[in-house]
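So the structure is just underneath, and the comments pick up after that.
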Amino acid sequence: MSLNDAADNENELRVINEFLEELRDTASQLQVLLGNMRSKSVPSVEGLATLKREASNMRSHAHALNLPLIKLITHRLDEYVGELKDAGVAELDEIQVFIDKIEKLADGEAVSDADAPAVVRALPAKRTADIDFGKIEKKNVEILLVVPEKAMSRIVERELAACGYRTSTIRDGFAAMETVVRTRPDMVVASMELGMLSGVDLACALTAMPVTENIPFAVLTSYEWGNPKLKGLPPRVSLIRKGPQFGDDLAETLSRFNIT
C-alpha cells in the first residue's frame, strides 16, 4: 500500500468515526425528544418537524459514506417520518424502533450482509398518506419502487399500501441496484425513464446477476408492447402501463408473480 493510499484510508476512517460519533449524539437527542413528545412537554407538530429535519440530515450524511446498513435505515426513517402529518403513540413507538437500531449500529453492532435484508424488513412500514392502516391486513411483502417522479411514485405507493404491501422508493437507478442487492425485495417496479439509465437497462442488469435474477421486475411506462423503446426487455419482466390500464396491469403483475 502506498503512502497516499494509507493516508486516504486514514482520512476515510476519521470521517466515518466522526460521523458515527455525531450519529450517536443525534440518536441520543432524538430519544429525549421522543420521551418529551410522549409526555406532551413538546407539542407533536414541533417534535415531528425536528424529527423530519434530523432524519433528512442523517440520511444525507450517511449517503456519502461506506456504511451500507446505516444508509439503508436512515433512508427508511426519512421515508417514514416524511409521510407523517401527526405523531401519536403508535407512530412514536415505530419511530423508536428506527432510533434504537440506529443507536445500536452507531455503537458498533455487527450485522452480516446475509442478515441485512431481514433487519431492514423488520423495520416499521411507512404510513402512506390517505390510507387507513387500521383496516388493512399488513403483508410481509416488500416492493421497491424506482420512480423519480414524486407524483407517480405516490400513486403507485397508495395502490400497493391499500393492498397491505410495504414499499420503499429510490429515485436513482444506480442506487437502486445496490438497494436491491442489499435488501432483496419481493418485487421491483421501475419507471422507464431513470436519467442515464432506463427501466430496460435496470431490468437487464438485475436479471443478469445471479444474486437478483429471480426477483420479479416490472417496468412502469406509457409505452405499449412492441414499442422500439422496450427492445431488449427481458421476457419475464412485466409491463405496467400508465393511464386507464394501470390498475389492471398492476393487479395482473402481482398475480403473475404470485405477490400475495
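The values are calculated or read from the model by the stated rules, or taken from the named source; none is laboratory data. Since the structure is predicted, the reported quantities are computational estimates derived from the model, not experimental observations. Note that we place each Cβ from the backbone using ideal geometry, even for glycine, and neighbour counts take in every protein chain shown.
Summary of computed values
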{"read-out": "Failed condition for residue 109, given (1) of a type outside the set (Val, Ile, Thr); (2) closer than 25 Å to residue 143 by Cα; (3) without any contact (Cβ under 8 Å) to a residue 24 or more places away in the chain", "value": "(2)"}
{"read-out": "Condition check for residue 240: closer than 20 Å to residue 141 by Cβ and in a loop (DSSP other than H, G, I, E, B)", "value": "no"}
{"read-out": "Single residue of 41, 60 found to be within 26 Å of residue 143 (Cβ to Cβ) and exposed (fewer than 14 other Cβ atoms within 10 Å of the Cβ)", "value": "60"}
{"read-out": "Region 29-54: number of residues that are under 14 Å from residue 86 (Cβ atoms) and of a type in the set (Asp, Glu)", "value": "1"}
{"read-out": "Residue that is modelled with the lowest pLDDT, among those in region 131-151 that are among the acidic types (Asp, Glu) and within 19 Å of the chain's Cα centre (by Cα)", "value": "149"}
{"read-out": "Residue 78 vs. criteria in contact with a Ser or Thr (Cβ under 8 Å, 6 or more places away or on another chain), surrounded by 13 or more Cβ atoms within 10 Å (Cβ to Cβ) and not aliphatic (A, V, I, L, M)", "value": "yes"}
{"read-out": "Subset tally (residues that are acidic (Asp, Glu), part of a loop (DSSP other than H, G, I, E, B) and either under 16 Å from the mean Cα position of the chain (by Cα) or modelled with pLDDT of 95 or more (or both)) for region 52-94", "value": "1"}
{"read-out": "Any hit, region 172-190, residues being buried (at least 16 other Cβ atoms within 10 Å of the Cβ), over 20 Å from residue 125 (Cα atoms) and in contact with a Ser or Thr (Cβ under 7 Å, 6 or more places away or on another chain)", "value": "no"}
{"read-out": "Given (1) under 23 Å from residue 202 (Cβ atoms); (2) basic (Lys, Arg); (3) assigned by TED's automatic domain parsing to the domain that holds residue 36; (4) free of Cβ contacts under 8 Å to residues at least 12 places away in the same chain, number of the condition residue 76 does not satisfy", "value": "(4)"}
{"read-out": "Residue list for region 153-186, filter: more than 15 Å from residue 69 (Cα to Cα), touching an Asp or Glu at 6+ places or on another chain (Cβ under 8 Å) and in a helix (DSSP H, G or I)", "value": "158, 173"}
{"read-out": "Residue under evaluation residue 207, criteria (1) surrounded by fewer than 20 Cβ atoms within 10 Å (Cβ to Cβ); (2) of a type in the set (Ser, Thr, Tyr); (3) within 15 Å of the chain's Cα centre (by Cα), criterion not met", "value": "(3)"}
